[in-house]
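Novice: So that we are looking at the same thing, I have put the structure below in structure tokens.
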Amino acid sequence: MTSKMEVNQKCKPEAGAILPVINRNRCEAKEKCTAVCPYDVFEIRKLDDTKKSSLSLFARLKIRAHGNRQAFVVRASECHACTECVKACPEKAIHLENALPLI
């Protein structure tokens with residue numbers, strides 16, 4: 001397993017150029033993203049009623065089984081696009097997007 005220090009040294013993009021995005025219908029709050037991120041970009045939190053109501057029925061059932069919790073991107077501007085979170089997520093609920101529109 002790669003340490004957070006080793007991952008930190010491999011991350012090339014400037015912080016905030018690439019942002020992690022979480023698919024709410026897939027996330028099951030298994031906390032793998034929080035464990036591997038060297039920049040503490042993620043937190044596991046309870047979903048509020050507004051966020052829950054936007055989920056599919058199947059996703060609402062899944063999150064209920066996981067304590068109504070999911071991962072949240074709380075420090076997106078700190079992301080260096082190392083992709084460790086994408087690789088670690090067992091539900092494939094995280095992908096990376098460009099923060100700035102392409103010209």
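The values are calculated or read from the model by the stated rules, or taken from the named source; none is laboratory data. Quick caveat, the model's predicted, so the values are computed rather than measured. Cβ placement follows ideal geometry from the backbone for every residue including glycine, while neighbour counts extend to all protein chains displayed.
Novice: Among the residues of the range 5-19, is any loosely packed, with under 15 Cβ neighbours inside 10 Å and modelled with pLDDT of 90 or more?
Specialist: no
Novice: Something else about it: Filter the range 25-40 down to the residues that are on the phi < 0 side of the Ramachandran plot, touching a strand residue (DSSP E or B) at 6+ places or on another chain (Cβ under 6 Å) and part of a loop (DSSP other than H, G, I, E, B) and list them by number.
Specialist: Cys27
Novice: Right, something else. What's the total number of residues in the range 70-95 that are under 18 Å from Leu55 (Cβ atoms), surrounded by fewer than 16 Cβ atoms within 10 Å (Cβ to Cβ) and either more than 9 Å from the chain's Cα centre (by Cα) or among the acidic types (Asp, Glu) (or both)?
Specialist: Going through the range 70-95 one residue at a time, the tally reaches 1.
Novice: Here is a further query. Please go through the range 40-66 and give me each residue that is over 22 Å from Cys85 (Cβ atoms) and surrounded by 14 or more Cβ atoms within 10 Å (Cβ to Cβ), ordered by number.
Specialist: Residues satisfying the conditions are Lys52, Arg60.
Novice: Can I ask one more? Scan the range 52-103 residue by residue and report those that are more than 20 Å from Leu19 (Cα to Cα), of a type outside the set (A, V, I, L, M) and outside any loop (DSSP other than H, G, I, E, B).
Specialist: Lys52, Ser53, Phe58, Arg60, Lys62, Arg64, Arg69
Novice: Sort out which residues of the range 25-39 are more than 10 Å from the chain's Cα centre (by Cα) and either within 15 Å of Ala88 (Cβ to Cβ) or surrounded by 18 or more Cβ atoms within 10 Å (Cβ to Cβ) (or both), and write them in order of number.
Specialist: Result: Arg26, Glu28, Lys30, Ala35, Val36, Pro38, Tyr39.
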